[in-house]
C-alpha cells in the first residue's frame with residue numbers, strides 16, 4: 001500500500017462546526033471528532049524506504065485502521081508520543097479504500113482534556129465490555145454454584161478457585177478475538193454456559209431415568225464453571241482490551257493450566273475424592289473434543305459432551321448475533337465475517353424460489 005495522493009492534514013481541532021461522533025457511527029467521507037484508543041502501532045517502510053506506521057484505533061463498538069505516512073504532520077507524534085493503550089481525541093475522515101477497506105485519515109489530534117475524560121475519553125470506556133453488569137453476573141454465578149452443586153467438597157473447590165482468581169476472571173474476555181472477545185466476556189460466557197449445561201443435564205436425566213450409570217450433575221456444573229478457568233493463568237488484562245499472554249500461558253495454554261489449577265487446589269483442600277477430581281481434570285482437558293480444535297485428549301465420559309456442545313453453541317451464537325447486529329451495509333447478507341469465514345443472511349423476506357418471476 002503506497003501513500004495516497006492529495007491527502008491534506010489541516011490542523012482544524014478548534015473548529016466547533018465539526019460534529020462529534022463515535023467510530024461506530026462515522027460515515028464514509030465524513031469529517032468528525034471522536035474519542036479513540038490506540039490499540040496497535042506497527043512501524044514499517046515503503047518500497048522506496050520511506051517510514052510509516054500502521055495503527056489501529058478503537059472505541060467500545062468499532063475498530064478502524066489508520067496509516068501514518070512520512071508526509072503526515074503526525075509521523076513524529078506517532079513515533080514519540082503515541083503508545084498502545086493511549087486514549088486520544090481525534091479529528092478524522094473515514095475513507096474506503098478499493099482494496100484495503102475503511103481507513104481513518106487523521107486530520108488532527110490531542111491528548112484528552114479533563115472535559116474529554118469526563119465525557120468518556122478514557123481507556124476503560126473505549127474498550128468493549130459485556131452488556132451485563134459484572135457484579136450482577138458474578139453474584140448470580142456464585143449463587144448458582146452454591147445452590148446447584150450438592151457435593152460439599154466439590155462446591156467448595158469451585159468457590160475457592162473463583163475467589164482466588166476473581167480479579168482476572170471479571171476482566172478477561174472469553175477468547176482473544178473469536179467469541180465474547182470483550183471485557184467481562186469470560187464471566188458472561190461461563191454464566192450462560194452453566195445455565196444451559198444444567199438445563200441439558202436435567203433433560204437427559206429425565207430422558208434416561210433408570211439407566212445406569214447416570215449423569216453426574218455436580219460434575220457437569222463444576223465443569224461448566226471451570227472449563228476455561230485456565231484463562232486466568234494464561235492471560236492478564238491488557239491496556240487495549242486484548243489480553244496479554246503470561247509466560248505460563250505461552251508455555252502451556254489454558255487447558256493444561258486449568259487442569260493444574262484444579263488439581264493443585266483439590267489436593268490442598270484434601271477432601272475431593274480422587275476419581276471425582278480426575279474426572280473434572282479430564283473434562284477440562286477434553287471439552288474441546290477435537291484435536292484440531294486444540295483438545296489433547298478425546299472425551300471418555302458423557303458429561304464432557306454436554307459441556308462441549310453447550311460451550312460451542314454459546315460461542316457460535318454470540319459470534320453470529322454480533323456479526324448480524326453490527327453490520328451496516330446494504331443487501332441481503334452481511335459482509336464476509338473473517339472469524340466465521342462466511343457472510344450471514346440479513347434478509348427477512350424474499351420471493352419464493354418456487355414462484356416464477358413476474359413479467360417485466
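What FRET efficiency do you get for residue 348 and residue 202 if R0 is 41 Å and r is their Cβ-Cβ distance, rounded to the nearest 0.05?
So, using R0 = 41 Å, E works out to roughly 0.75.
If you count, for each residue, the other Cβ atoms within 10 Å and average over each peptide, how do 351-358, 298-305, 246-253, 281-288 line up from highest to lowest?
281-288, 298-305, 246-253, 351-358
Among 61, 195, what is the fewest-to-most ranking by other Cβ atoms within 10 Å?
Fewest-to-most ranking of 61, 195: 61, 195.
For segment 27-102, what does the alpha-carbon gyration tensor say about shape, rounded, prolate or oblate, given a ≥ b ≥ c as the root eigenvalues, a/c under 1.5 as rounded, and a/b over b/c as prolate?
Note, shape of segment 27-102 comes out oblate.
For a protection proxy built on the mean count of beta-carbon atoms within 10 angstrom, sort 130-140, 204-214 highest first, please.
Result, highest mean first: 130-140, 204-214.
Determine the shape class of segment 145-226: with a ≥ b ≥ c the square roots of the Cα gyration tensor eigenvalues, call it rounded for a/c under 1.5, and otherwise prolate if a/b is greater than b/c, oblate otherwise.
oblate
Residue 278 to residue 111: extension gain in nm, 0.36 nm per residue of separation minus the Cα-Cα distance?
54.8 nm
For the residue pair residue 150 and residue 355, what label-to-label distance in nm results when each label sits 7 Å from Cα along the Cα-to-beta-carbon direction?
Here the modelled spin labels are 5.6 nm apart.
Identify which of the listed values of volume of the Cα convex hull per residue in Å³ was calculated from the structure shown: (1) 213; (2) 155; (3) 131.
Matching the structure shown: (1).
Would you please give the FRET efficiency between residue 99 and residue 122, computed as 1/(1 + (r/R0)^6) with r the Cβ-Cβ distance and R0 = 41 Å, to the nearest 0.05?
Plugging the Cβ-Cβ distance into 1/(1 + (r/R0)^6) gives 0.75.
If you rank 69, 293 by fewest surrounding Cβ atoms within 10 Å, what's the result?
293, 69
Set the Förster radius R0 to 56 Å, insert the Cβ-Cβ distance between residue 21 and residue 298 as r into 1/(1 + (r/R0)^6), and round the FRET efficiency to 0.05.
Efficiency at R0 = 56 Å is approximately 0.65.
When 93, 147, 346 are ordered from fewest to most other Cβ atoms inside 10 Å of their Cβ, what list results?
With the sparsest Cβ surroundings first, the list reads 147, 346, 93.
At what distance in nm do the modelled label points of residue 48 and residue 250 sit from each other, each positioned 7 Å from its Cα along Cα→Cβ?
It is 3.8 nm.
With just the Cα atoms defining each centre, how far is segment 77-144 from segment 320-343? Give it in Å.
If you average the Cα positions of each part, the centres end up 22 Å apart.
What 222 nm value per residue comes from the helices of the chain, counting each DSSP H run with n ≥ 4 as -39,500 (n - 2.57) and dividing by all residues, nearest 500 deg cm²/dmol?
-12500 deg cm²/dmol
Pulled fully out, how much extra length does the chain show between residue 143 and residue 320, if you take 0.36 nm times their separation in residues and subtract their Cα-Cα distance?
60.8 nm
Here, each number is a calculation from the coordinates, and none is a lab measurement. This is a predicted model, so every value here is computed, not measured. All Cβ positions, even for glycine, are placed from backbone atoms using ideal geometry, and neighbour counts span all protein chains on display.
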